[in-house]
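Note sheet for the following structure.
All of the numbers you see were taken from the coordinates with simple rules; none came from a lab. Being a predicted model, the structure only gives us computed values, none of them experimental. Cβ placement follows ideal geometry from the backbone for every residue including glycine, while neighbour counts extend to all protein chains displayed.
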Amino acid sequence: MKIKTRRYYIYYLARIGIFLVSMLPVKVGLVLAELAGKVIYLLLKEPREIAFENLKSSFPEKTDAEIARIVKGVFLNLCKNAIELLNAYKINKGNIDKWVRPEGVDIIEKAFSQKNGIIVLASHFGNWDLMAMWFALKGYGANAIAKRIYFERYENLMNKMRSAKGIKIIYREESPKKILAALKRNEPLGILADQDVDSVDGVFVDFFGKPAFTPKSPVAIALASKAPLIPCFLIREKSGHRLVFEKPIEIVDKGNKEETIRFNTQEWSRVVESYIRKYPSQWVWMHKRWKTKSQEA
C-alpha cells in the first residue's frame, strides 16, 4: 500500500513539475537541471556507489577524483534529459534542426533504400528519447520496443508525450509480428539493448573486459527481417546534440544461429563501448550491467 501511495505522490509531483518547467525557457530549465543533478548526486547514495564501482572496474587507470567527476556528470546528463523531455511539446518539424545536428544521414538513406526498414541500435546514452523524436519529425517514422510501466498513470503520461511526436511503442510482450510489420513499412525500429535484462533472451559478450549478459533481439530481428542494424548515438554537446549514425553492422554467418547471434552481438557491443569510452558521463552507469554471471566465469 505504501508503494502504491508513493507512486501517486510521485505522479502528481511529476505533473506539477511538467507544468512549472513548461513555464520556463529551455535554457533556464537546463541550468536548473545542473543544480538538481548536483543535489541528486549527493542524496542518492546507492545509485552513486553503483556508478562509481562500475566506472572504477571499467576504467582502472582513472583516479577516484576522475571517477567521481564522471559520476556527477552522469546525474547532470539525466537531469537535463528530463528537462528536455518535459519540454518535448516545444519541439517540432520547424525547429528540430536547432536541437539535433545529424552526421552521416547518407548512411540511413542508403539503408532505407533497401526497403526493409532499419534497426536503430540505440543505448542509454545521451538523450535517447530525443533521438526517437528526430526520426519521427524528419518523416522517417519511429517505432520503439519498450518495457511496459505497470502503473497506468505513468504509462499514459509517457505515451501521451511519445505519441504527440509520432513515436509508436511496441511492448516487449507483444507479438513479433508488430515488429516485422514496422520494418516492412520501411520504418525505423529503435532498440535499447545495452542493459542486463534477465527477462529477455541474451548471450554473454565482452563489455569493458567483463562478460556481460546482452539481449539477442537486435541481431535476431536483423536475421529475421534483413533490416540493416545501425548503431546510433545522440551526443550531448555544449549547444544542442549531435546525432551520429555508424555504418551498419555487417552480419557474419558463423554456421549456426546461436554462434551467429553471439558473434554479431559482440560486434555491435564493441561499437557501443567505443562511444561510452569517449563520452563516459553520457551513459547510465548506475545500472547493474554485470549482475548476471556467466557459468563459465
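Treat every Asp and Glu Cβ in the chain as -1 and every Lys and Arg Cβ as +1, leave all other atoms uncharged, and give the resulting dipole magnitude about the Cα centre to the nearest 20 debye.
1060 debye
How many angstrom lie between the C-alpha centres of region 209-237 and region 241-284?
6 Å
Using the Karplus curve 6.51 cos²θ - 1.76 cosθ + 1.60 with θ = phi - 60°, work out ³J(HN,Hα) for each residue of region 169-184 in order, rounded to whole Hz, and write x for Gly and Pro.
So the Karplus estimates, Gly and Pro as x, are 9, 10, 7, 3, 7, 6, 4, x, 4, 5, 5, 5, 5, 4, 5, 5 Hz.
Label ARG242 and SER199 with points 7 Å out from Cα along Cα→Cβ: what is the distance between them in nm?
3.6 nm
What are the ³J(HN,Hα) values, in whole Hz, obtained from phi via the Karplus relation 6.51 cos²θ - 1.76 cosθ + 1.60 with θ = phi - 60°, for each residue of region 256-263 in sequence order, with x given for Gly and Pro?
With the stated coefficients, region 256-263 comes to 9, 4, 4, 6, 4, 5, 4, 4 Hz.
Just to confirm my numbers, what's the Cα centroid distance between region 27-81 and region 102-126 in Å?
Each part's Cα centre sits 30 Å from the other's.
Work out, step by step, the length gained on full extension between LYS226 and ARG101: first 0.36 nm times the residue separation, then minus their alpha carbon distance; give nm to one decimal.
42.2 nm
Picking from ILE145, ALA65, ILE249, whose Cα lies most toward the positive end of the charge dipole for the chain (charges on Cβ: Lys, Arg +1; Asp, Glu -1)?
Result: ILE145.
Taking amide H positions as placed 1.01 Å from N in the peptide plane, with prolines and chain starts having none, which residues 5 or more places from TYR171, or on another chain, fall under 5 Å of its amide H?
So TYR171 has HN proximity to ALA146.
Could you sort out which of LYS247/LYS293; LYS177/LYS226; LYS93/LYS168; LYS90/LYS110; LYS62/LYS210 sit more than 20 Å apart by Cα distance in this structure?
Flagged as over cut-off: LYS247/LYS293; LYS90/LYS110.
Using the Karplus curve 6.51 cos²θ - 1.76 cosθ + 1.60 with θ = phi - 60°, work out ³J(HN,Hα) for each residue of region 271-284 in order, rounded to whole Hz, and write x for Gly and Pro.
Working through the residues one at a time gives 5, 4, 4, 4, 6, 5, 5, 6, 10, x, 6, 9, 10, 8 Hz.
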